Structures are given as C-alpha cells and as structure tokens.
Amino acid sequence: GAGVSQSPRYKVAKRGQDVALRCDPISGHVSLFWYQQALGQGPEFLTYFQNEAQLDKSGLPSDRFFAERPEGSVSTLKIQRTQQEDSAVYLCASSRRRAGDNEQFFGPGTRLTVL
Amino acid sequence: KNEVEQSPQNLTAQEGEFITINCSYSVGISALHWLQQHPGGGIVSLFMLSSGKKKHGRLIATINIQEKHSSLHITASHPRDSAVYICAAPPGGGADGLTFGKGTHLIIQP
C-alpha cells in the first residue's frame, strides 16, 4: 500500500511569507508526528496527533508554528511569517498507535528554504 | 528528557568490512528504533527492538536494556549501505514522539 506522502517536496519562501506543508499518513494510522531536521542534525520532535486531537505540541519552536489534523487523517503544518532559522527539512511520520512501542513510518520530507 | 548519543559521528570503511555503530540513552525505554536516512531526506525504519537481538539480512541490532545501550552491525558492508544511521528512543516521562541521536554518517568505499 501507499506510504506516507508529503507535499511539496521543496519549498522556497521569502522571509515573512506564510507556508503550509501537507502530510498524508498511511491510511488507518492513528498517530501522526511532525519533526524538524536542521542540516546535519537529527530530527527534533515538533508535535503529535492522535486521530484529530493534538496531544502534544511542546516541540513547536514558536507561536508562528501551527499544526492541524481536522479529520484525523491529513495534517497540515503551517508556519507564519517565516524566518531564516525555519529553514530545515520537515518530516512527517505515522504509526498505528503511540510512538514509543510502535514503528513509525516516515514521509520523504519537505525541504523548506527561507531566503 | 532522554539523551540519545551515537558514535561514531562519521565512519568510512572499505567494502566488506564489519561495521558497528553504537547508541546509548539515558532514560529507560520500551523500545529503541534504528533508522536509515539516504541523501535527499527519506527515512526508513530498520529495526524496533526492546530486548536481545534482531537480524534482517546483513543488518543486526542488539540492545542491552540494563546498560541502556544498543548497537547496529552491518556484515559484509557494501557501498549501497552508505547512508546516515540514526537511533531514536521515546523521550520518557510520558512525552510523545521520538528523541533522535545526531546520526552516524557511514561511507563504504569500493
């Protein structure tokens, strides 16, 4: 079956623009995660959804970052008034249940470059 | 918060060599994940293990829960094994997601 897909794969934004990144998880997966990966670093947790409920957003770096999953499937990560430090690869992952003891399936990521 | 440390950060080896990548973590966990990331960003889950050893082809992962340590081994390494290998663990304290190590950049030369 289809894996996790993300769009766009690449996004270039001018500083101050708003961007929206989309994640389509594996059908039926309850849990959805967003991670941010800076160049040369490991991914860092941003936020977690269980179905449509955002249970953890402790990793979002500022109030410019907002995520939603209104129907418990597709999720969107929105970044308002982008800054250069927002440049990174944004990864989405889904799993059948909670992450700790369940395999996570990752999307290809969206590489965001803020000029 | 779980601190996940990997070593080495960079590893260059010749084709055929036996490769070992180490991972240690600070907080007790239910399962540890080994992931592979190729240039371009795609991450693939290799193993999720909570005890003992798992084997998949030329890849072997071991974990010692008491010592909070895991190793990933590659036997008969091949240039196509060149990638970044990342270990990840639950953050602990009931928090969600995974805490990742910085990754080991492996290059296998022909």
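No value in this document is a laboratory result; all are computed from the given coordinates. Predicted, not measured: the structure shown is a model, and the values here were computed from it. No Cβ is skipped: glycine too gets one built from the backbone with ideal geometry, and neighbour counts run over all protein chains shown.
The table below gives the values:
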quantity	calculated
Qualifying residue in the range A:46-59 (condition: within 29 Å of residue B:105 (Cα to Cα) and either of a type in the set (D, E, K, R) or assigned to a loop (DSSP other than H, G, I, E, B) (or both))	yes
Filter result for residue A:17 (touching a Ser or Thr at 6+ places or on another chain (Cβ under 9 Å), under 26 Å from residue B:103 (Cβ atoms) and among the polar types (S, T, N, Q))	no
Strands (runs of 3 or more DSSP E) within the range B:1-70 that include 1 or more residues touching a Leu at 6+ places or on another chain (Cβ under 6 Å) and not small (Gly, Ala, Ser)	B:10-14, B:19-25, B:32-37, B:43-49, B:59-64
Considering residues of the range B:71-81 that are part of a loop (DSSP other than H, G, I, E, B) and surrounded by fewer than 17 Cβ atoms within 10 Å (Cβ to Cβ) only, the residue farthest from the other protein chains (Cβ to nearest Cβ)	B:76
Flag for residue A:72 being at the interface with chain B (Cβ under 9 Å from one of its Cβ atoms), of a type in the set (Gly, Ala, Ser) and part of a loop (DSSP other than H, G, I, E, B)	no
Hits in the range A:38-49 - residues which are touching a residue at least 12 places away in the same chain (Cβ under 8 Å) and surrounded by 17 or more Cβ atoms within 10 Å (Cβ to Cβ)	A:43, A:44, A:45, A:46, A:47, A:48, A:49
